[in-house]
1. 222 nm [θ] for the chain, helices only, -39500 (n - 2.57) per DSSP H run of 4+, per residue, to 500?
2. Pairs of lysine in region 191-275 with Cα under 25 Å and at least 8 positions apart or on different chains: total?
3. Measuring from the lowest to the highest alpha carbon on each principal axis, how far does region 1-97 reach, largest first, in angstroms?
4. Apply the Karplus curve 6.51 cos²θ - 1.76 cosθ + 1.60, θ = phi - 60°, to the phi angles in region 191-201 and return the couplings in whole Hz, x for Gly and Pro.
5. Using DSSP loop states and a limit of at most 10 other Cβ atoms within 10 Å to flag trypsin sites (Lys or Arg not before Pro), what is the longest stretch of the chain containing no flagged site?
6. Between residue 24 and residue 67, take the C-beta separation as r, use R0 = 41 Å, and let me know the FRET efficiency to the nearest 0.05.
7. Going by a ≥ b ≥ c, the root eigenvalues of the Cα gyration tensor, does region 135-224 fall in the rounded group (a/c under 1.5), the prolate group (a/b larger than b/c) or the oblate group?
8. Would you pull out the residues with amide H under 5 Å of residue 214's amide H, same chain only if 5 or more places away, H placed 1.01 Å from N?
Amino acid sequence: MAEIIDGKKISAQIKEEVKQEAERLLKEGVTVTLAVIQVGQDKASSVYVGNKKKACEYVGFRSLSYELPEETTMQELLDLVGELNGRMDVDGILVQLPLPAHISEEKVIQAISPDKDVDGFHVQNAGRLAVGIEGFVSCTPAGIIELLKRSGIEICGKECVVVGRSNIVGKPMAALLLRENGTVTVCHSRTKELDKITARADILVAALGKPKFITAEYVKEGAVVIDVGIHRGENNKLCGDVDFDSVAPKASYITPVPGGVGPMTIAMLMSNCLKSAKMRMDKS
Ligand code: GUN
């Protein structure tokens, strides 16, 4: 039976570390500040944004909240991002996705200063990760690396298989595992004989967005299985992309849903904000 990787516990450790550093910066007169922008009232987004603001409060950051109406024009949003880019007292800018259909997410993300892009979505930060220079890394994959490292799981030389190729998770996940000297394969919806490839994995990251898709047949005996999915299943119960009951007896380590990868995303966001504030201090 697999050991459960406790994302709640590990994310709490990271937030505690960030909190201590934030206290230290506060003594030097620096208040770490994250600006959070939400356009419209998507229910899931409101929950995520609320959790981000709560996390800021917990670690001792200031959060600036911008709740804009659904009808906000792209220009109005770009103007706000521009204003926040120019403010010396703002360390991080987060525009919650998805945005309403009439606004180009791409244009808005690229308008955020790469130095304040604590989500790590800007093309400059994606490029930095691809070529191996310091920058902001997308929070969910960065959190997965922390889960592995803090659980004592070696990545170097391991067969790593990532299922999913999104810009937010799959692609940066592959780049990070490669940076840790894993041997990385990226699978996606057009991959043939997916089960044969995933069954090679020492470390399997499921980020395909299909509830309980990964069953025992997809998994090698003793593999480490990381579940990025989050879905509302039968009886309103949360589940991931991995069929936990089927896979857990075969894996060596597994992340649960909820309480696995999810809490790490916000912890890494806090960590990125801290990093941004330190970079700004070093520059001034
Ligand atoms: N929507 C869902 N996840 C995220 C995230 O990590 N960042 C932003 N900005 N929007 C999201």
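1. Numbers: 10 runs with 120 residues, N = 284.
Counting only the DSSP helices, I get -13000 deg cm²/dmol.
2. Summing the qualifying lysine pairs gives 16.
3. Here the Cα extents, ordered largest to smallest, are 50, 42, 16 Å.
4. Karplus-based 3J(HN,Hα) across region 191-201 equals 5, 8, 6, 3, 4, 6, 6, 5, 6, 8, 6 Hz.
5. Numbers: sites that count: 190, 192, 237.
By the stated rule (loop sites, at most 10 other Cβ atoms within 10 Å), 1-189.
6. Numbers: r = 31 Å, r/R0 = 0.76.
Computed FRET efficiency for residue 24 and residue 67: 0.85.
7. Details: a/c = 1.68, a/b = 1.24, b/c = 1.35.
Oblate is the answer for region 135-224, as a/c is 1.5 or above yet b/c matches or exceeds a/b.
8. 242, 243
Any read-out appearing in this document is the output of simple, stated calculations on the displayed coordinates, not a laboratory observation. Computed from a predicted model, the values in this text were never measured in an experiment. When we count neighbours, we look across all protein chains shown, and the Cβ atoms used for this are built from the backbone with ideal geometry, even at glycine.
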